[in-house]
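The next block holds one structure in the form of structure tokens; read it before the comments.
Read-outs: derived from the displayed coordinates by stated rules, not from any lab. Because the structure is a prediction, the values reported are computed rather than measured. So basically every Cβ, Gly included, is an ideal-geometry build from the backbone, and we count neighbours across all protein chains shown.
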Amino acid sequence: MKANELMIGNYVKDPYGKEIRLVSVDADASMLTPIEITDWKLLDLGFSHSSERIDGELVEEFRFEDETIKRDIYGFYHTDTELQFKYVHTLQNFFTLLGKTLELVSYN
């Protein structure tokens, strides 16, 4: 990973594969690896889940609703398409721009 992709508070994996929360960002982050976004990670970050059948195909939606953001954040659909965000830290950085800190429930 590159240090310029990371912010304090991002969740990543250390060299041993353990998920950690960054308390500082060093210039050399090459020993860290990103955490891939999964259904469970989205739920752990505070997203809600719904699913429905559309034209016979099951479409699952993950939505984040927050009063401070004043709108829903869409775009987290699981079908055969790729997620807009592949890693937890990039999703966290996006929400930081909106003024919201995403934290994994399992770390609280």
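Quick notes on this structure:
- For region 9-20, the Karplus equation 6.51 cos²θ - 1.76 cosθ + 1.60, evaluated at θ = phi - 60°, returns couplings of x, 5, 9, 9, 9, 7, x, 9, x, 7, 6, 10 Hz by residue, with Gly and Pro reported as x.
- A straight Cα-to-Cα reach below 24 Å connects LYS100 with the lysines LYS2, LYS13, LYS41, LYS70, LYS86, residues fewer than 8 places away in its own chain not being considered.
- Simple spin-label estimate for LEU98 and THR33 in nanometres, 7 Å along Cα-Cβ: 2.9 nm
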